[in-house]
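Take a look at the structure set out below.
Each value in this text was obtained by applying a stated rule to the coordinates, not by laboratory testing. A quick note: this is a predicted structure, and the numbers were derived from the prediction, not measured. Reconstructed Cβ throughout: ideal geometry from the backbone, glycine too, with neighbour counts over all protein chains shown.
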């Protein structure tokens, strides 16, 4: 018997999705995702299966793909699959194979979700994955946010197996005689996560056989502490931060009243790009060295007499990125823009980092650039034009951040998209649209 009641209770308690939701289940063919697929079926949810073949394990990867296809047929649910040249993508983007696979997976999941109308992507993380994530974060260095582990829900990503441990999953799969495939790379200890899984956690379980239950209790405490800390920081911002034009001032005598001083000052300055090592140096000179300057990527922090002054750095001009009709991706000022042409007149919703545009309205070459004085556009839903400077004010975009907002411009110099914020009403998909071009931004 499958634990359908525990499964649905966990989903309801964490508001992961509802019986009316349209779910895309990410299934590798491994033991965790196979159990998730069977639970979704047994609980009566409306779902499809999606499988990625990263072409990293030759015939074994193809066999996994075929297994998952047959599983979808057995469960009588729709099946989506895609092959990726992961090694080429990793080399072109100068990232690891694991990071490349993650990027490709979620880019494709989001595209399928938008085109087929799935509102939730279900992935099969469980309690032991959370323990491994926390230990990795602790090993690499983390703030309190790194201690809350894997959240049950993050945006449109849901994790309905977080109520189960790995041992419970193995027991359930064996008891219900469920077939699955084993990825040989899961046993390799050359990856940090696998080293924790096979070498470190077994030792910890010798010290505490109830490790999973202990961590689950710790997670609740960490998450509650994170909420309290964030509320305290928001309250401090209204009390300590003095906004003077583009500058932010903090009175030094108020810093000395903070407790714990180092943590709270770090959280106050973190949005301006200042790290923990800067906080240590700053605290050592607060009353000694007026005129001392610290720098982050976008800001300078001056220790003045009696106050700190945070100022945006002079904006560096970033060259425009040119987009031709055969461009598939380009980079601009910390962003990567991907371009996809589609014969389906789909409309992208609830993703500010992606838009679908009526392809017939595009005049190449397009440009991705910074905003300029005098820029205006027609925000989606409005028939009258609005100055971009006014739009930024209404959106509460800091003055120092405006020049880092990517602006997508048509060949006739009209603004198509204020990246991450709003599409122009003139370029939206309509009933007459035959083809669309999909633009999606990713922060590098």
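What order do you get for 105, 305 when you list them from fewest to most C-beta neighbours inside 10 Å?
305, 105
Between residue 432 and residue 288, what is 0.36 nm times their sequence separation minus the Cα-Cα distance? Round to one decimal in nm.
So the chain would gain 45.0 nm between residue 432 and residue 288.
Which shape class, rounded, prolate or oblate, goes with segment 282-338 when its Cα gyration tensor gives a ≥ b ≥ c as root eigenvalues, a/c under 1.5 marks rounded, and past that a/b bigger than b/c marks prolate?
Cα axes put segment 282-338 in the prolate bin.
What is the Cα coordinate range of segment 4-216 on the first, second and third principal axes, sorted by size from largest, in whole angstrom?
Dimensions of segment 4-216 along the principal axes of its Cα atoms: 45, 45, 34 Å.
Arrange 293, 405 by Cβ neighbour counts within 10 Å, fewest through most, would you?
Listed from fewest to most nearby Cβ atoms, that is 293, 405.
Report the Cα centroid-to-centroid distance between segment 415-444 and segment 20-61 in angstrom, as an integer.
The two parts, judged by their Cα centres, are 31 Å apart.
If R₀ is 35 angstrom, what is the calculated FRET efficiency for the pair residue 413 and residue 94, using the beta carbon separation as r and rounding to 0.05?
After rounding to 0.05, the efficiency reads 0.55.
Mean separation of Cα pairs under 8 Å and 6+ residues apart, divided by the residue count of segment 1-143: what relative contact order is that in percent?
Computed over segment 1-143, the figure is 27 percent.
For the chain, what is the mean residue ellipticity at 222 nm derived from helices alone (per DSSP H run of n ≥ 4: -39500 (n - 2.57); sum divided by total residues; nearest 500 deg cm²/dmol)?
That comes out to -11000 deg cm²/dmol.
List 216, 206, 70, 440 from most exposed to least, where exposure is judged by having the fewest other Cβ atoms within 10 Å.
The order, fewest Cβ neighbours first, is 206, 70, 216, 440.
Taking Cα pairs under 8 Å and at least six residues apart, what relative contact order does the chain come out at, in percent?
The normalised contact order for the chain reaches 11 percent.
Have a look at the DSSP beta bridges in the chain and tell me what percent are antiparallel, nearest 5.
Antiparallel: roughly 75 percent of the beta bridges in the chain.
Which percentage, to the nearest 5, of the DSSP beta bridges contained in segment 49-190 is antiparallel?
Roughly 20 percent of the DSSP beta bridges within segment 49-190 come out antiparallel.
If contacts are Cα pairs under 8 angstrom and at least 6 residues apart, what is the relative contact order of segment 115-174 in percent?
47
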